[in-house]
1. When you check residue 208 against the structure, is it at pLDDT below 95 and more than 27 Å from residue 293 (Cα to Cα), yes or no?
2. Being of a type in the set (Phe, Trp, Tyr) and surrounded by fewer than 18 Cβ atoms within 10 Å (Cβ to Cβ) is the requirement here; does residue 26 meet it?
3. In the set 164, 145, which member is β-branched (Val, Ile, Thr), away from ligand 1 (no atom under 16 Å from the Cβ) and in a strand (DSSP E or B)?
4. Among the residues of region 123-141, is any outside any helix (DSSP H, G or I), surrounded by fewer than 21 Cβ atoms within 10 Å (Cβ to Cβ), modelled with pLDDT of 95 or more and over 20 Å from the mean Cα position of the chain (by Cα)?
5. Among the listed residues 169, 140, which satisfies the condition of being charged (D, E, K, R), under 26 Å from residue 109 (Cα atoms) and touching a strand residue (DSSP E or B) at 6+ places or on another chain (Cβ under 7 Å)?
6. Would you mind listing the helices (runs of 4 or more DSSP H) fully within region 195-283 where at least 3 residues are charged (D, E, K, R) and either within 16 Å of ligand 1 (Cβ to nearest atom) or farther than 19 Å from residue 163 by Cα (or both)?
7. Residue 152 fails exactly one of the following numbered conditions: (1) touching a residue at least 12 places away in the same chain (Cβ under 8 Å); (2) part of a loop (DSSP other than H, G, I, E, B). What is the number of that condition?
8. Could you tell me which residue of region 32-58 is farthest from ligand 2 (Cβ to nearest atom), considering only residues that are in a helix (DSSP H, G or I) and out of contact with any strand residue (DSSP E or B) (no Cβ under 7 Å at 6 or more places or on another chain)?
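The values are calculated or read from the model by the stated rules, or taken from the named source; none is laboratory data. Please read all numbers here as calculations on a predicted model, not as lab measurements. Note that each Cβ is placed from the backbone with ideal geometry, even for glycine, and that neighbours are counted across all protein chains shown.
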Amino acid sequence: MTIRHYLQFKDLSADEYAYLLRRAAFIKGKFKAFEKHHPFADPDRTLAMIFEKASTRTRVSFEAGMYQLGGSVVHLTTGDSQLGRAEPIEDSAKVISRMVDLVMIRTFEQTKIERFAAHSRVPVINGLTNEFHPCQILADLFTLVEYRPAPGGDPLDALRGKVVAWVGDGNNMANTWLQAAELLGFTVHVSTPSGYEVDPALAGITRSDCFKTFKDPREACAGADLVTTDVWTSMGFEAENEVRRAAFAQWCVDEDMMRRARPDALFMHCLPAHRGEEVTAEVIDGPQSVVWDEAENRMHVQKALMEYLLLGRL
Ligand code: CP
Ligand code: NVA
């Protein structure tokens, strides 16, 4: 059987996302009803989680999710494994993938996860790289569909034609939003300070009609169905913190920006958030914010994703 990896959002097709979004709703329903759902119990399945950067949500959602599916996890970090002592990534991939059924990696360059996947016997999932964060966008789309479903219930219909305003850094989250927009037929209004723009080549998109750029973040929010942002300084870029603080000062999502969006617009943030920097407390803690459901949904969508990569459509 061919191994399927999830290294970028575009590694799955629109039809597969339609399945996953429905499946995640089913799996979430089981969780909420306290019903057992153990596809990974017999035979036992194990997930290795490799963290080269810090995490709260990704760690808890994958670990709790794997146990809830009847499987188990192994947690590795750079500091407590040979990964931090220069063992080649290819050797690590060959060894780890002989002992577990799935691998989730959070690391720096996308090329690192690609090299690992090229030598892995089992599916590899991107738990965030400098370039992409596909599991987060999967959760964000699921949350958007949950709050704003299409009349017929088709998750892809719910997303098609939507406008997502991205206010802030042209980072891993922004790149992944662009891939999702290209694949699923919605538009991203991107506003970044100059010098921090998205690069379509780096984002891995080919069509230019899935996003529009705006100098003024307020204009980017006009008519949006969803306003979303992220930290000004991503992990690995801490040395640029002070320069970024000055450059991003006008890119703080506030109530005025939310007023320019549609009246029923949602606010999302992948978290962790810095109130008073990329978003005001009034917005993130306000009535349009769905950040806590968004965070919880990481677990439900990743359970669907792990199940799909290992067992296919059930
Ligand atoms: N959103 C997200 O990936 O959070 P963590 O860094 O806490 O995993
Ligand atoms: N862009 C952020 C996302 C954190 C979940 C980072 O890479 O640090």
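1. Yes.
2. Spelling it out, residue 26 is indeed of a type in the set (Phe, Trp, Tyr) and surrounded by fewer than 18 Cβ atoms within 10 Å (Cβ to Cβ).
3. It is 164.
4. The answer is no, given that none of the residues of region 123-141 is outside any helix (DSSP H, G or I), surrounded by fewer than 21 Cβ atoms within 10 Å (Cβ to Cβ), modelled with pLDDT of 95 or more and over 20 Å from the mean Cα position of the chain (by Cα).
5. When all the criteria are applied, what remains is 140.
6. Values: elements: 200-203, 217-221, 241-247, 255-260.
Once the helices (runs of 4 or more DSSP H) in region 195-283 are filtered for at least 3 residues that are charged (D, E, K, R) and either within 16 Å of ligand 1 (Cβ to nearest atom) or farther than 19 Å from residue 163 by Cα (or both), what remains is 241-247.
7. Exception for residue 152: condition (1).
8. Residues of region 32-58 that are in a helix (DSSP H, G or I), as a first pass: 32, 57-58.
Restricting the remaining residues to those that are out of contact with any strand residue (DSSP E or B) (no Cβ under 7 Å at 6 or more places or on another chain) gives 32, 57.
Values: 32: 25, 57: 7 Å.
By that ranking, first place goes to 32.
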